[in-house]
Amino acid sequence: MNAAIIFTKKELLESWWTHRLLILTVVFLIFGILSPLIAKLMPELLKGGLGGIKVAVPKPTSLDAWTQYYKNITQMGIYVFALMLGGCVSQEIQQGTLVNLVTKGLPRWTVIVGKAIVGMLLWIWITSLAFLVTWAYTAYYFPDTRSPHVVLAFLPLLVFGLFFLSLIVFGSTLATNNYGGLLLTIVVMALLYLAQMVKSWQHANPVALIGDNMKILVNSDALTKLMPAMVIAVVAAVVLFFAAIKLLDRKKL
């Protein structure tokens, strides 16, 4: 356990030294600021883009701001996260940085555990930062009551992060280079989006955790329908992390 703590500290320091933490923080902070701002300016942008043609543009509400938030995180944010962590294991193997640590007695499983802990801390930090900034600006720009369950809608996103991170770590452990792990993550996500087209699978698909947030925002009962997807996401994450440990045990460093 001491070895796992030491390696986790090493990962935290590396996130700082490589500016990974800084880059992700800045990117997601921008998402948090832009989400309500775009919603606020959208009517004026639409009017300007129509060249003076008079069109009735609905007045923006807090729902528009939160729609922008979830679009930014799920359509861009998760892939920025994957890009930054895509080589988390394969890069260590390529550079040979694990050789000295393992020969000195570091258990290989601590590598995966350390990467998982730090990766999840990063995910919680950046998504929560963007969430809080969006919440603050949304309350300022749109002081309405149309978004009563902002925290409940955010919870599935956190759970999805665990699954998404496990996919990144497993892909990076399986691949021989940084791009291989990233490609595997993208392919699996594409397959999950295709599976979402099957209605009977929708509430069991981890992708639903980043697709039904707006439904939860206005109706807390929608969260109960996502319980199968949340359970499957957590179980799949545990399986993928365990598989990554087994893969690393058999890999030549």
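Of the numbered criteria (1) closer than 16 Å to Gly32 by Cβ; (2) of a type in the set (A, V, I, L, M, F, W, C); (3) open to solvent by less than 10 Å² (accessible area, probe 1.4 Å), the one Trp135 fails is (3). Within the range 143-155, identify whether any single residue is part of a helix (DSSP H, G or I) and within 21 Å of Leu24 (Cβ to Cβ), and answer yes or no. Looking for residues that are part of a helix (DSSP H, G or I) and within 21 Å of Leu24 (Cβ to Cβ), one finds at least one in the range 143-155, hence yes. Could you check the range 57-76 and list, in sequence order, the residues that are of a type in the set (Val, Ile, Thr) and open to solvent by less than 20 Å² (accessible area, probe 1.4 Å)? Selection gives Thr61, Ile73, Thr74.
When each of Leu184, Leu240 is tested for being free of Cβ contacts under 8 Å to residues at least 40 places away in the same chain, closer than 28 Å to Ser90 by Cα, of a type outside the set (Val, Ile, Thr) and surrounded by 17 or more Cβ atoms within 10 Å (Cβ to Cβ), the lone residue that passes is Leu184. On the given criteria, is Lys59 in a loop (DSSP other than H, G, I, E, B), modelled with pLDDT under 95 and either over 29 Å from Phe170 (Cβ atoms) or aromatic (Phe, Trp, Tyr) (or both)? Spelling it out, Lys59 is indeed in a loop (DSSP other than H, G, I, E, B), modelled with pLDDT under 95 and either over 29 Å from Phe170 (Cβ atoms) or aromatic (Phe, Trp, Tyr) (or both). Among the residues of the range 162-173, are any closer than 21 Å to Pro228 by Cα and without any contact (Cβ under 8 Å) to a residue 12 or more places away in the chain? Checking the range 162-173: not a single residue is closer than 21 Å to Pro228 by Cα and without any contact (Cβ under 8 Å) to a residue 12 or more places away in the chain. Evaluating Leu253 against the criteria (1) of a type in the set (A, V, I, L, M); (2) modelled with pLDDT under 95; (3) part of a helix (DSSP H, G or I) leaves one unmet condition, (3). Checked across the range 146-169, the condition of being open to solvent by 20 Å² or more (accessible area, probe 1.4 Å), more than 19 Å from the chain's Cα centre (by Cα) and at pLDDT below 90 holds for no residue. In the range 187-226, the qualifying residues are those that are open to solvent by less than 50 Å² (accessible area, probe 1.4 Å), without any contact (Cβ under 8 Å) to a residue 40 or more places away in the chain and outside any helix (DSSP H, G or I), and the one that is nearest to Phe131 (Cα to Cα) is Asn205. Residue count for the range 15-36 under the criterion of being crowded, with 16+ Cβ neighbours inside 10 Å and out of contact with any Gly (no Cβ under 7 Å at 6 or more places or on another chain): the result is 10.
The values are calculated or read from the model by the stated rules, or taken from the named source; none is laboratory data. The structure displayed is predicted, hence computed values, not measured ones. Every residue, glycine among them, receives a Cβ derived from its backbone with ideal geometry; neighbour counts consider all protein chains shown. We work out accessible area using only protein heavy atoms, side chains counted, and drop any ligands, DNA or RNA first. Shrake-Rupley method; radii C 1.70, N 1.55, O 1.52, S 1.80 Å.
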